[in-house]
1. Just how large is the dipole of the chain about the Cα centre, in debye to the nearest 20, putting +1 at every Lys and Arg Cβ and -1 at every Asp and Glu Cβ?
2. Return the tail of the calculated pair distribution for the stretch 76-125, meaning the percent of Cα-Cα pairs more than 16 Å apart.
3. Convert each backbone phi in the stretch 99-105 into a coupling constant with the Karplus relation 6.51 cos²θ - 1.76 cosθ + 1.60 (shift: θ = phi - 60°), then list the ³J(HN,Hα) values in order as whole Hz, x for Gly and Pro.
4. Considering Cα pairs under 8 angstrom that are at least six residues apart, work out the relative contact order of the stretch 1-140 and quote it in whole percent.
5. Ignoring everything except DSSP H segments at least 4 long, calculate the 222 nm mean residue ellipticity for the chain; use -39,500 (n - 2.57) per segment, divide by total residues, nearest 500.
6. How many Å² of accessible area per residue for the stretch 97-136, probe 1.4 Å?
7. I want the antiparallel fraction of DSSP beta bridges within the stretch 14-135, as a percent rounded to 5.
8. Ignoring ligands, DNA and RNA, please state the percent of accessible area on the stretch 1-149 from carbon and sulfur, probe 1.4 Å.
Amino acid sequence: MQIGESFVGEGVNAAHINTVLGHREGPAGTAWATALATPSAGHVPFVAVLRPSLPVKPMTLFVTKAAPANDDHGLLIWGPAQAGVAAGVADAVAEGSISEPDASTHVVIAAVWVNPGADDADVVYRNNREATRTALANGAKDLPSIKAVLAASPSNPFYTPPEDRA
């Protein structure tokens, strides 16, 4: 099983993607099927498609981290974010982060953050495409390295601790 993470972009249109790639007959496949079969209020996993009736391979389950706040937010989730995730998975196959044979035997779970304040569909698409591609590449390379983890100081777009507490 490969686990990946990527954050791409700035502000309300940034994308934060977590991915799990694994065999359909293993724990990832079980988690994929269970998540699809057990939606919760505001968090309805769905199969990511490149276009209607053309799911990306490996079959990818799109799981939103933020319940749709309003119709516009829902459209950004179902439209450009989904398209970006599907395209990012296809990019990962094209570049070899996922082998072509694995595309038929594995599944991807993509946990996707779309900010309720997002306001640019094209940027949401681009950021989600790149974040998905990068998360899958990071998983394939087992990144980050432990050296990078141990050298890092905590910081994210929402909080950076004072140096004296880090």
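The values are calculated or read from the model by the stated rules, or taken from the named source; none is laboratory data. As the structure is a prediction and not an experimental result, all values here were calculated from the model. Counting neighbours? That spans all protein chains shown, and the Cβs are built from the backbone with ideal geometry, glycine included. Just the protein is used for accessible areas: all its heavy atoms, side chains included, with ligands, DNA and RNA removed. Shrake-Rupley method; radii C 1.70, N 1.55, O 1.52, S 1.80 Å.
1. Working: 10 positive and 16 negative charges, 75 e Å.
The dipole magnitude comes to about 360 debye.
2. Values: 547 of 1225 pairs.
Value for the stretch 76-125 (Cα pairs over 16 Å): 45 percent.
3. 6, 4, x, 5, 4, 9, 10
4. Values: 321 pairs, mean separation 56.8, N = 140.
Relative CO of the stretch 1-140 lands at 41 percent.
5. Values: 6 runs with 61 residues, N = 166.
Calculated mean residue ellipticity at 222 nm is -11000 deg cm²/dmol.
6. Numbers: 1630 Å² over 40 residues.
Counting only protein heavy atoms, the per-residue value for the stretch 97-136 is 41 Å².
7. Approximately 70 percent, going by the DSSP bridge assignments.
8. Details: 4220 of 7300 Å².
For the stretch 1-149, the apolar C and S fraction of the accessible surface comes to 58 percent.
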